[in-house]
Structure formats: C-alpha cells, structure tokens
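For reference, the structure is listed below as structure tokens.
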C-alpha cells in the first residue's frame, strides 16, 4: 500500500505504465522510524532520498554556539534529505530527526542513478522535484527577508495548517527565525483575537 502512495504521487508529474510503476516501486525500500530517531547526521554521507509515507520530520543545523536553525519540515507525501550531501555524496551538514513514529520509502543514491539512466520519465520526475524544491527555497528566503515575524507566522499558518499541531513550538520558532518566547506571544495574541 505504501508503494502505491509513492506511485500515485509520481503520477501527478509523469505518466507511468504498469512496468514503469513496478520498476519505480522496487527501487524503494520501506523503513520504519521511531520518534526521535535520526535518519541523517552531520559528517556521515546521506545515502538516501526519503519519501514520507506516514509521520513527520525536522531537518536542522546547529551553529558553533549551539543555536539550532530549522531548514525543513516534512510530513506525508513530502521528500526529506540533506540534499547537498545526497546529490554530491559529501558528508552531511544537517540533522534530520523523526518528530513522530514514521514510515519512509527510501531510495539509495546509486539506485536512483540507475533508475534515471533506464528511463527518461524517471529523469524527468527527479528534475521536476529538484526544480520545485529550488523554487520553494527561493520563495521562502525572499519571503523571510522581506516580511516581519508576525507576517511569516501568519503565512505559515495559512499555507501549512497540517504542520502546526505536529511540530514542536521551538522547532517552528526556529524555522520562522524567531525565539520560542516571541512565537508564544504571537500565538497568545492570535488566541485573544478569536475570543
């Protein structure tokens, strides 16, 4: 069933016949991950691209002074990886941790390369994912640079309501570039406006 979820997702971008769908499905392995388990850690080369079937993940970096910076969240039907490490096969610089008990479908770097060489549809799919990911990151950086903290929070609530109850407040604050205390004040202000 989990591989059908992946195939349905891929079919949104490229049309696969039954043989191609089977080829794609067999390239991925299902992995169960416990809450608080890391799937990527700095200094180890990230060997997998991961598709979330069930659960939630957080990708973050830690500065020399111990401050955490959240780069990404991922829930069902999202991809998560240290893409710089995965694509270039360099040591990772990020931590990726499960926020819930989760199920992933993972493809190894070499298997992905074989898949892309075997059929242009797979090459097209992964190219589309790369383009969409780059465009998303560009929009996010630009939005964060040109809007205040409250607007960034309102925008997150509007665009990602499924994430809000599933990610810890400290991680959301880190993602939005604010302190946990400031995010708490914003939430309280929003709650007071509703009542």
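The values are calculated or read from the model by the stated rules, or taken from the named source; none is laboratory data. Predicted, not measured: the structure shown is a model, and the values here were computed from it. Every residue, glycine among them, receives a Cβ derived from its backbone with ideal geometry; neighbour counts consider all protein chains shown.
Out of curiosity, is residue 115 assigned to a helix (DSSP H, G or I), buried (at least 19 other Cβ atoms within 10 Å of the Cβ), touching a residue at least 12 places away in the same chain (Cβ under 8 Å) and in contact with a helix residue (DSSP H, G or I) (Cβ under 7 Å, 6 or more places away or on another chain)?
Values: assigned to a helix (DSSP H, G or I): yes; buried (at least 19 other Cβ atoms within 10 Å of the Cβ): yes; touching a residue at least 12 places away in the same chain (Cβ under 8 Å): yes; in contact with a helix residue (DSSP H, G or I) (Cβ under 7 Å, 6 or more places away or on another chain): yes.
Yes; evaluated as a whole, the condition is true for this residue.
Going by the conditions given, is residue 58 touching a residue at least 40 places away in the same chain (Cβ under 8 Å), assigned to a strand (DSSP E or B), touching a helix residue (DSSP H, G or I) at 6+ places or on another chain (Cβ under 9 Å) and within 19 Å of residue 124 (Cβ to Cβ)? Break it down stepwise before answering.
On the way: touching a residue at least 40 places away in the same chain (Cβ under 8 Å): yes; assigned to a strand (DSSP E or B): yes; touching a helix residue (DSSP H, G or I) at 6+ places or on another chain (Cβ under 9 Å): yes; within 19 Å of residue 124 (Cβ to Cβ): no.
Here the answer is no, as residue 58 does not meet what is asked.
Taking residue 163 as the residue in question, decide whether it is modelled with pLDDT of 90 or more, under 22 Å from the mean Cα position of the chain (by Cα), under 23 Å from residue 57 (Cβ atoms) and in a helix (DSSP H, G or I). Let's see the steps before the verdict.
Details: modelled with pLDDT of 90 or more: no; under 22 Å from the mean Cα position of the chain (by Cα): yes; under 23 Å from residue 57 (Cβ atoms): yes; in a helix (DSSP H, G or I): yes.
Against the criterion (modelled with pLDDT of 90 or more, under 22 Å from the mean Cα position of the chain (by Cα), under 23 Å from residue 57 (Cβ atoms) and in a helix (DSSP H, G or I)), residue 163 does not qualify.
Show the residue pairs that are 6+ apart or on different chains and have beta-carbon atoms under 7 Å apart, the first residue being within the range 135-152 and free of Cβ contacts under 8 Å to residues at least 60 places away in the same chain, the second being exposed (fewer than 12 other Cβ atoms within 10 Å of the Cβ) and in a helix (DSSP H, G or I).
So the pair list comes out empty.
Across the range 171-181, what is the number of residues that are over 19 Å from residue 143 (Cα atoms) and either surrounded by 13 or more Cβ atoms within 10 Å (Cβ to Cβ) or in contact (Cβ under 8 Å) with a residue 40 or more places away in the chain (or both)?
Initial filter on the range 171-181 (over 19 Å from residue 143 (Cα atoms)): 180-181.
Pick out the ones that are also either surrounded by 13 or more Cβ atoms within 10 Å (Cβ to Cβ) or in contact (Cβ under 8 Å) with a residue 40 or more places away in the chain (or both) and you get 180.
Total meeting the criteria: 1.
Which residues, counting only those in the range 101-110, are in contact with a strand residue (DSSP E or B) (Cβ under 9 Å, 6 or more places away or on another chain) and outside any strand (DSSP E or B)?
To start, the set of residues in the range 101-110 that are in contact with a strand residue (DSSP E or B) (Cβ under 9 Å, 6 or more places away or on another chain) comprises 101-109.
Within the range 101-110, 101, 109 meet the criteria.
Got a number for residues in the range 152-168 being more than 15 Å from residue 74 (Cβ to Cβ) and surrounded by 13 or more Cβ atoms within 10 Å (Cβ to Cβ)?
Adding up the residues that qualify gives 5.
Out of the range 71-100, which residues are in a strand (DSSP E or B) and crowded, with 20+ Cβ neighbours inside 10 Å?
In the first step, residues of the range 71-100 are kept if they are in a strand (DSSP E or B); the result is 71-74, 79-80, 91, 95-98.
Those that are in a strand (DSSP E or B) and crowded, with 20+ Cβ neighbours inside 10 Å: 72, 73, 74, 80, 96, 98.
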